[in-house]
Amino acid sequence: MPSSHVRMGLCFLDRPNTDEQIEIAKLADEKGFDTVWVCETRLVRDAISVLGSFASVTKKIKLATGVINIWTRVPSLTALTFATLDEISHGRAVLGVGAYWDPLAWKQGIKRRKPLAAMREWVEVVRRLFRLERVTFEGEIMRVRDLQLDLGYGRRRETIRVPIYIGATGLNMLELSGEIADGVLLNAFTSVNYLKESLHRISTGAKRARRKMKEIDLPQLIAVAMSEDTAKAKDEARYLATLYLGQQPHIGIASGISPNLVEEIKTALGGWPPRKDGAEEAMKLVDDKVVDLLTVAGTPEECREGVGEYVKGGASYPVILPITTNVKEMVEELAPASPHSM
């Protein structure tokens, strides 16, 4: 595939530190990456602050949350935040949103009540605010009254064109995303076969809304561990794959992993956060076959091949979620402008 047609994304979970992330975002921009995503799935960093810092040192790369959630980021705050990010980045903001994660929601006293209805209502309210409507909305979950964005001094009053991507993993949320989202950020630690099932569910939702699949962008998060030593790369990937199987067992099963094995891993971890020595014990149950199913781990060439399989499976483009610390090397090796690109 000619490099001019290759799209590539990069996603930061928690590492490296923000100074290095800024430097790497600038490099990714120079290397032709399509989008840089910043996670806000745990209480590590606020994604918006990080993206704002990226805006000041980049020129073309889109700036996306991967993802914020609909419970702590209410529609009014979200619309205002992304209107601002879009202004300072000159039209490069992308709103990635998800329905949150039960263990962390519970710790904050948040009840994830009817997440499908909540997501549908949240997206509708944010979109209406982006259109600068005066919004009164009384839904099952979301409620606003006589609300409108004022916008900052000197900004023209025109529709804010920030696309909304839903970070969806469950099958029902994937269908909803096909109905209402501009794009779907497909989750990491899932197999190529699960990607194909996800696309089927997204297509079902799209048909229900009389949409075409080509209208929906489908970036795929891929956890990547890169090393000249393949065995070392797989060992690096094993730890995060193990934690994910314990936290999202249904996705591991849907990706083709034995339910009995997933239950053993979950038991060994002992909950979230894992009990002392729980992760080390659970990792012994995760062999290379499981690592290869859920991650891309190996030499640069092996990583290029592994990432390419998700594109062949139907993803619009891969989004690299680095596991190993050599993020700059990944950007260099997997960049669309690289002579080694897919």
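In the chain, what % of DSSP beta bridges are antiparallel (nearest 5)?
10 percent
Starting from the Cα of Lys60, draw a straight line to each of the lysines and keep only those under 18 Å, dropping any in the same chain fewer than 8 residues away.
Correct list for Lys60: Lys26, Lys31.
List the GluC sites (Glu not before Pro) within the stretch 79-151 that fall in a DSSP loop (any state other than H, G, I, E or B) and whose Cβ has at most 12 other Cβ atoms within 10 Å.
Here the sparse-neighbourhood loop sites are Glu140.
Roughly how large, in nm² to one decimal, is the mean projection of the convex hull of the alpha-carbon atoms in the stretch 87-130?
Its Cα hull, projected and averaged over all orientations, spans 4.2 nm².
What residue among Ser56, Ser191, Ser177 shows peak mean-square fluctuation when the chain is described by a Gaussian network model with Cα springs under 10 Å?
In this elastic network of the chain, the residue with the biggest mean-square fluctuation among Ser56, Ser191, Ser177 is Ser56.
Between the stretch 258-306 and the stretch 208-237, how far is it from one alpha carbon centroid to the other, in angstrom?
17 Å
Quick check: Cα centre of the stretch 116-181 to Cα centre of the stretch 26-71, how many Å?
20 Å
Using +1 on the beta carbon of Lys and Arg, -1 on that of Asp and Glu, and nothing else charged, what's the dipole of the chain about the Cα centre, debye to 20?
With Lys and Arg at +1 and Asp and Glu at -1, about 1600 debye.
Pairs of Cα atoms under 8 Å, at least six residues apart: use those to get the relative contact order of the chain, whole percent.
Answer for the chain is 19 percent.
Let me see the P(r) profile for the stretch 1-122: every Cα-Cα distance counted, bins of 10 Å, each bin given as a percent of all pairs.
13, 42, 31, 13, 1
Restricting to DSSP H runs of at least four residues, report the calculated mean residue ellipticity at 222 nm for the chain, -39500 (n - 2.57) per run over all residues, nearest 500 deg cm²/dmol.
Result for the chain: -13500 deg cm²/dmol, rounded to the nearest 500.
Between Glu138 and Ile88, what is the label-to-label distance in nm when each label sits 7 Å out along the Cα-to-Cβ direction?
3.8 nm
Output the Kirkwood hydrodynamic radius of the stretch 229-295, Cα pairs only, in Å rounded to one decimal.
Roughly 11.6 Å, rounded to one decimal.
Put a dot 7 Å past each Cα toward the Cβ at Asn17 and Gln108; how far apart are the dots in nm?
2.6 nm
Going by average Cβ density within 10 Å per residue, which order do the peptides 153-161, 301-309 take, highest to lowest?
Highest-to-lowest ranking by the protection proxy: 301-309, 153-161.
At 7 Å along Cα-to-Cβ for each site, give me the label-to-label distance between Tyr153 and Glu280 in nm.
5.9 nm
From a point 7 Å beyond the Cα of Asn172 in the direction of its Cβ, which residues of the stretch 88-128 have a backbone N at a distance under 18 Å?
Hits in the stretch 88-128 for Asn172 at 18 Å: 98-103, 111-123.
How large, in Å, is the chain by the Kirkwood hydrodynamic radius built from its alpha-carbon pairs?
Taking the inverse mean of 1/r over all distinct Cα pairs, the chain comes out at 20.6 Å.
Readers should treat all values here as calculations from the given coordinates under stated rules, not as data from a laboratory. Treat the numbers as computed from the prediction; the structure is a model and nothing was measured. In this analysis, Cβ positions are derived from the backbone assuming ideal geometry, glycine residues included, and neighbour counts consider all displayed protein chains.
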